[in-house]
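The values are calculated or read from the model by the stated rules, or taken from the named source; none is laboratory data. Predicted model only: the values in this text are computed from it and were never measured. Cβ placement follows ideal geometry from the backbone for every residue including glycine, while neighbour counts extend to all protein chains displayed.
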Amino acid sequence: MGLAVVRSLDAPRRLSTHTDVEDFEQELVDQYLLAAVGSGSADSTVAADRSVLFEFIRFLGRPVWTARPSDADRFLAEQRRSGLARLTVQHKAWALAHFFEFLLVRYEGDIHRLTGVVVEQVIDEFNRPARADYGSIRVPPSSDEVERLFAMWRQWLPQARKFLPAARDYLAASLWRRVGLRITETCMLDIRDWRRDLGEYGCLDVRFGKGSRGRGAKTRLVPAINSVGELLDWWMVEVRHQFGSDYTNPDAPLLPAERKPDPLTGCCPRAGVQTLRDGLAAAVNRGLADWQGRLTPHMLRHFCASSLYAQGLDVKAIQELLGHSWLSTTTRYIHVPTEHVTQAWKISNQRTAARLGQLGG
């Protein structure tokens with residue numbers, strides 16, 4: 001089957017000079033980046049992809065449409081030899097894969113007509129990096145350890161030197177532990193985002209969720225299950241108003257910093273990511289010394305997925321709760337203890353024996 005010629009509006013009639021070749025190559029890259037902007041990719045993602053493409057073109061030393069998988073092999077191997085992290089090399093491979101997919105879909109006919117070259121996907125099943133974070137399994141603490149940490153934390157709150165920030169940090173960590181919010185999502189919550197009127201338990205309106213490949217914020221409603229509703233009611237009724245009079249302003253931050261309100265808006269400033277990290281780290285140092293330096297907000301997100309699964313919540317529901325685009329991502333967050341597997345095996349055998357007994361009868 002021959003290649004169909006799909007002409008673009010700006011496609012040249014021929015490539016007569018070295019300048020024509022360079023201009024066409026630049027146009028291909030520009031069109032790809034323009035498409036990325038149109039799809040909603042963040043400026044930082046577009047800039048990173050642009051940097052990778054020009055790095056590969058310089059490495060290749062010839063027109064980009066002549067690249068073959070063996071060229072990508074050499075490029076990625078050079079990246080690893082230079083000491084770059086596996087995740088960095090993986091992102092570069094993804095950038096190349098997306099770009100060559102773009103060439104195949106939109107410009108394969110033009111390139112073949114102008115140069116006689118058939119474009120290939122240079123990132124194939126043989127040189128495509130496995131997910132770099134598969135090698136580092138984040139196994140969270142046990143349920144007993146987490147319960148002990150938070151129980152100690154609750155008991156310590158009344159005697160904290162600064163009760164308000166201590167209570168705020170406790171609430172933030174509880175959201176990570178109980179419904180798996182990301183730390184950035186937690187920081188960006190406003191008072192309006194606690195919707196007690198939605199559903200049986202109320203919902204958190206997460207308006208600044210993480211989008212895939214930098215495609216802006218991804219929103220979702222997070223049901224206030226797992227006692228989160230009661231925690232938020234406690235926060236709004238007994239604590240939040242002590243930070244400042246902005247507690248009635250729906251645009252004020254749900255988790256404020258303990259500083260003077262903004263003179264223009266009258267709202268308290270928002271607690272930052274590092275502030276909340278430090279709050280968790282201090283609590284771990286006090287109540288779970290074996291996990292000092294290891295128990296992070298993201299680790300509590302893993303704990304949330306694992307504990308909810310152990311309680312019987314299905315994987316699809318956990319995916320929706322955590323805001324994952326892919327179910328395969330969610331499965332990497334669920335760490336099943338050996339006793340859970342053993343119990344499931346026993347139940348399976350009991351069901352099999354009962355079924356065979358019915359057949360025998």
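What is the residue count in the range 283-305 for residues that are over 17 Å from the mean Cα position of the chain (by Cα) and either among the aliphatic types (A, V, I, L, M) or over 24 Å from L157 (Cβ atoms) (or both)?
5
Looking only at the range 55-73, count every residue that is more than 18 Å from L104 (Cα to Cα) and surrounded by 14 or more Cβ atoms within 10 Å (Cβ to Cβ) and tell me the total.
Matching residues across the range 55-73 total 4.
With the range 290-361 as the region, which helices (runs of 4 or more DSSP H) entirely inside it contain at least 1 residues that are at pLDDT 90 or above, surrounded by 10 or more Cβ atoms within 10 Å (Cβ to Cβ) and among the basic types (K, R)?
Answer list for the range 290-361: 297-310, 315-322.
Given the conditions (1) under 25 Å from V146 (Cβ atoms); (2) surrounded by fewer than 21 Cβ atoms within 10 Å (Cβ to Cβ), report the number of the one that G211 does not fulfil.
Checking G211 against (1) under 25 Å from V146 (Cβ atoms); (2) surrounded by fewer than 21 Cβ atoms within 10 Å (Cβ to Cβ), the one that fails is (1).
In the range 111-136, which residue that is at pLDDT below 90 and among the acidic types (D, E) is nearest to P69 (Cα to Cα)?
D124
Within 22 Å of the chain's Cα centre (by Cα) and at pLDDT below 95: is that true of A85 in this structure?
yes
Hey, Q31 hits all of (1) of a type outside the set (A, V, I, L, M, F, W, C); (2) in contact with a Phe, Trp or Tyr (Cβ under 7 Å, 6 or more places away or on another chain); (3) surrounded by fewer than 17 Cβ atoms within 10 Å (Cβ to Cβ) but one; which does it fall short on?
The failed condition is (2).
Residues of the range 216-253 being of a type in the set (A, V, I, L, M, F, W, C), surrounded by 20 or more Cβ atoms within 10 Å (Cβ to Cβ) and within 28 Å of L313 (Cα to Cα), which ones?
Of everything in the range 216-253, those that are of a type in the set (A, V, I, L, M, F, W, C), surrounded by 20 or more Cβ atoms within 10 Å (Cβ to Cβ) and within 28 Å of L313 (Cα to Cα) turn out to be V222, A224, V228, L232.
Yes or no: T219 of a type in the set (S, T, N, Q), under 19 Å from the mean Cα position of the chain (by Cα), at pLDDT below 95 and outside any helix (DSSP H, G or I)?
Yes, satisfied.
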